[in-house]
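None of the figures in this text is laboratory data; all of them are computed from the coordinates on show. Quantities reported herein were computed from a predicted structural model and do not represent experimental measurements. With ideal geometry, Cβ positions are generated from the backbone for all residues, glycine too; neighbour counts draw on all protein chains shown.
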């Protein structure tokens, strides 16, 4: 019995080591738009409804499964993103919302280090926070697509005008997410991500 237990533990350790050390090619483009949209919305829904473990798992699956970060990096990015969402979702005013920025900066720093993000990760984090702020403010949602396009351009190293078609549904999805209309938000985000993926992939082929 003891030998069986030792062998089982050793086999489990080998499986975990293989999982952690398996070569990965992190990407900001080669993902499933539907899965990214659904995981993003699930993370926000679970975080705002107090299911921290479920939100963390959704974010980990997003970073590790879709962006293909190594497990440790995926966990780090997921944790910092979760902290940012939690801080932002209970913020009483703009000053409180700004407290989410350091966590976003850490998450984007991890993502940039793994994927070779084209732009400055700190600027990308700031634009992400602007997106959240504008989505949460009904008066600002009309301007949200411009900020989304700017962030996409920075992250992917493309002209902002080339991703405007993707920015429109993404901005709509962010607004719906802020209103907690989860299903509608996921559908709009999926459309935007599909458009983004097609556009960026085509530009990469043309280079």
*Counting alpha carbon pairs within less than 8 Å and at least 6 residues apart, what relative contact order, in whole percent, applies to the stretch 42-116?*
28
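For the chain, what does -39500 (n - 2.57) per DSSP helix run (n ≥ 4), summed and divided by total residues, give at 222 nm, in deg cm²/dmol to the nearest 500? Spell out each step's value before the answer.
Values: 10 runs with 152 residues, N = 207.
About -24000 deg cm²/dmol.
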*Any idea what angle helix 71-89 forms with the longest principal axis of the chain, computed on alpha-carbon atoms, 0 to 90 degrees, nearest 10?*
40
*Enumerate the whole-percent occupancy of each 10 Å bin, from 0 to the last occupied one, for all C-alpha pair distances of the stretch 98-207.*
15, 44, 36, 5, 0
_How tilted is helix 144-156 with respect to the longest principal axis of the chain? Cα atoms for both, answer in degrees (0 to 90, nearest 10)._
50
*Pairwise label distance in nanometres, residue 160 with residue 30, each label 7 Å out on the Cα-Cβ vector*: 3.1
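Averaging sequence separations of C-alpha pairs under 8 Å and six or more residues apart, then dividing by the length of the chain, give the relative contact order as a whole percent. Walk me through the numbers on the way to the answer.
Working: 282 pairs, mean separation 37.7, N = 207.
Relative contact order here is 18 percent.
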*asked:* Taking just the alpha carbons, could you work out the radius of gyration and Dmax for the chain, both in angstroms?
replied: 18.2, 67
